[in-house]
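Asker: This is the structure I have questions about; it appears just below.
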Amino acid sequence: MSSLVAFFSATGTTARVAKNLAEAIGADLFEIVPERPYSPADLDWRDENSRSTHEMNDDACRPAVAGGVGNMDAYDTVYVGFPIWWYVEPRIIDTFLETFDFSGKTIVPFATSGSSGLGKAPQRMASLAPGATVLEGRLLNGNPSTGELRTWAESVAL
């Protein structure tokens, strides 16, 4: 089985975890990069006029992704990492999920968050990736060790 760790990281926290996870399980790594980078003002969730607030208030919003995965067919399992925004995945994750056909693949969400769990992210992700098996996923806060990440990944492997 071949695995991919795909991630979006607004501030670097999720990137660190994603890189460590990919190393721990021997997976390929893909960063989901917004075509238009987020500024600190864009990420100010307390500002009702910030870009992130506008995106999260619009279920149809799909921020463009720069680049893509050239060989998605090669992967059986895709770990998808992101920071929690408004109790779900950021809209750029929705863009990523709708870009590819995940039929027959397993999607394993993982997230970082300062104050909330995965919320409804796995359910939303399942609706955006028809034909995929979307697992419950897990928060990977702090600095989980390579061993902890490997053990978790092995526990969810089908």
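Computed from the coordinates by the stated procedures, all read-outs in this text should not be read as laboratory data. Predicted, not measured: the structure shown is a model, and the values here were computed from it. Ideal geometry is used to build each Cβ from the backbone, glycine not excepted, and the neighbour counts take in all protein chains shown.
Asker: Output wanted: per-residue J couplings in Hz (rounded whole) for the stretch 88-103, from phi through Karplus 6.51 cos²θ - 1.76 cosθ + 1.60, θ = phi - 60°, x for Gly and Pro.
Answerer: 9, 6, x, 4, 5, 5, 4, 4, 4, 5, 7, 7, 10, 8, 9, 3
Asker: Through the Karplus equation 6.51 cos²θ - 1.76 cosθ + 1.60, θ set to phi - 60°, convert the phi angles of the stretch 137-152 into ³J(HN,Hα) values in whole Hz; use x for Gly and Pro.
Answerer: Running phi through 6.51 cos²θ - 1.76 cosθ + 1.60 with θ = phi - 60° gives x, 7, 6, 10, 7, x, 9, x, 6, 4, x, 4, 5, 5, 4, 4 Hz.
Asker: With r as the distance between the Cβ atoms of residue 133 and residue 46 and R0 = 35 Å, compute the FRET efficiency 1/(1 + (r/R0)^6) and round to 0.05.
Answerer: E(calc), rounded to 0.05, equals 0.45.
Asker: Please work out whether the stretch 80-157 counts as rounded, prolate or oblate from its C-alpha gyration tensor, where a ≥ b ≥ c are the square roots of the eigenvalues and a/c under 1.5 means rounded, while otherwise a/b larger than b/c means prolate and anything else oblate?
Answerer: On the way: a/c = 2.20, a/b = 1.25, b/c = 1.76.
Judged from the Cα gyration tensor, the stretch 80-157 comes out oblate (a/c at least 1.5, b/c at or above a/b).
Asker: Could you give the length gained on full extension between residue 72 and residue 58, defined as 0.36 nm per residue of separation minus the Cα-Cα distance, in nm? Present the calculation step by step, with values, prior to reporting the outcome.
Answerer: Numbers: separation 14, 0.36 × 14 = 5.04 nm, distance 2.77 nm.
In short, 2.3 nm is gained.
Asker: To continue, here is another question. Would you pull out the residues with amide H under 5 Å of residue 81's amide H, same chain only if 5 or more places away, H placed 1.01 Å from N?
Answerer: Those lying under 5 Å, H to H, from residue 81 are 6, 7, 8, 110.
Asker: A further question follows. What's the long-distance tail for the chain, i.e. % of Cα pairs beyond 27 Å? It would help to have the intermediate numbers written out before the result.
Answerer: Values: 1982 of 12403 pairs.
Here the long-distance tail beyond 27 Å is 16 percent of all Cα pairs in the chain.
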